[in-house]
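Right, one structure below, let's go through it.
The values are calculated or read from the model by the stated rules, or taken from the named source; none is laboratory data. Note that the structure is a prediction, hence the values are computed from the model and not measured. Cβ placement follows ideal geometry from the backbone for every residue including glycine, while neighbour counts extend to all protein chains displayed. With ligands, DNA and RNA removed, areas are computed over all heavy atoms of the protein, side chains included. Shrake-Rupley method; radii C 1.70, N 1.55, O 1.52, S 1.80 Å.
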Amino acid sequence: MSKILAFTNQKGGVGKTTSTANVGAGLARAGQRVLLVDLDPQANLTKGLGLSDAEQNVYGALLGEYPLKAYSLHKNLALVAGSSALSGFEKVKGDELDREFLLKDLLEPLRDRCDFILLDCPPALGLVTLNAYACAQALYIPLEAQLYATDGLEKVLDLVGRVQRRLNPDMKVGGVFFTRHDKRKVLRRDTAEQLRVQYPDLVLDTVIRESIALGEAPHLGKDIFSYAPQSAGAADYQALVAEILTR
Ligand SMILES: Nc1ncnc2c1ncn2[C@@H]1O[C@H](COP(=O)(O)OP(=O)(O)O)[C@@H](O)[C@H]1O
Ligand SMILES: [Mg+2]
């Protein structure tokens with residue numbers, strides 16, 4: 001039975017998509033069978049992994065037009081494509097009784113066939129994100145270690161209790177981790193240390209450094225292990241994968 005992890009933060013540009021792609025690729029290389037699901041209407045995960053011609057995407061499946069279609073990317077790694085139409089999901093499904101559980105139902109038949117399902121969430125708390133939280137066992141929260149990073153974190157943590165009570169008692173926070181870390185910037189270092197003191201059990205040891213290759217890889221439709229296996233980005237995501245496997 002697969003474990004479902006959601007990469008989430010209400011802030012954009014913090015590394016959700018980069019982390020979903022590269023943690024997924026790293027888990028697949030470690031022999032885990034991985035399914036990625038692109039839940040952001042921007043569909044950056046889909047484009048960044050080189051899938052440009054998907055005929056069936058998560059939105060059509062959520063509307064019940066067809067079953068969830070997973071496109072194979074590499075050995076052990078498959079992707080359910082995103083769609084810009086996801087931005088209209090709330091309008092279309094907002095009145096339906098089981099609207100928060102549509103994704104959960106779609107994933108159910110796939111859960112025996114993979115070890116991990118990774119959800120790349122949009123940067124907002126809408127119905128799509130609630131669908132992700134309703135089926136995730138663990139939330140992973142990337143934070144950019146700068147001044148207002150904690151805003152995004154507090155918003156997510158506030159929600160966790162409510163989601164546990166109302167939608168998904170099995171959900172927990174898997175971990176919080178820093179991305180785009182630059183040790184030369186004192187402000188970022190302070191923020192990171194402050195959060196470690198405040199949430200010692202939540203903050204992961206692994207820190208993802210700012211790395212040019214991580215920004216370049218999606219433009220070539222590649223994950224970091226295919227694009228630049230010797231880079232700092234590959235080493236950091238390898239470490240994050242190892243840490244996630246122990247939690
Ligand atoms: N560690 C990193 N080093 C350099 N660039 C990064 C790093 N992490 C993310 N980026 C870049 O920052 C931008 C935002 O990252 P992304 O993963 O798309 O964030 P989100 O999904 O949270 O909006 C992207 O252009 C991405 O390539
Ligand atoms: Mg994103």
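Computed values, structure above
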quantity	calculated
Top-ranked residue of region 1-46 - restricted to ones that are open to solvent by 50 Å² or more (accessible area, probe 1.4 Å) and farther than 22 Å from LEU204 by Cβ, ranked as farthest from ligand 2 (Cβ to nearest atom)	MET1
Conditions (1) assigned to a helix (DSSP H, G or I); (2) away from ligand 1 (no atom under 11 Å from the Cβ); (3) of a type in the set (Val, Ile, Thr): number failed by ILE4	(1)
Residue match in region 17-27 (condition: within 10 Å of the chain's Cα centre (by Cα), part of a strand (DSSP E or B) and in contact (Cβ under 8 Å) with a residue 12 or more places away in the chain)	no
Subset of region 89-134 that is more than 16 Å from ligand 2 (Cβ to nearest atom) and of a type in the set (Gly, Ala, Ser) - its residue that is surrounded by the fewest Cβ atoms within 10 Å (Cβ to Cβ)	GLY94
Verdict on LEU49 being closer than 18 Å to LEU106 by Cα and crowded, with 24+ Cβ neighbours inside 10 Å	no
Subset of region 169-183 (residues that are under 21 Å from ASP158 (Cβ atoms) and touching an Asp or Glu at 6+ places or on another chain (Cβ under 7 Å))	none
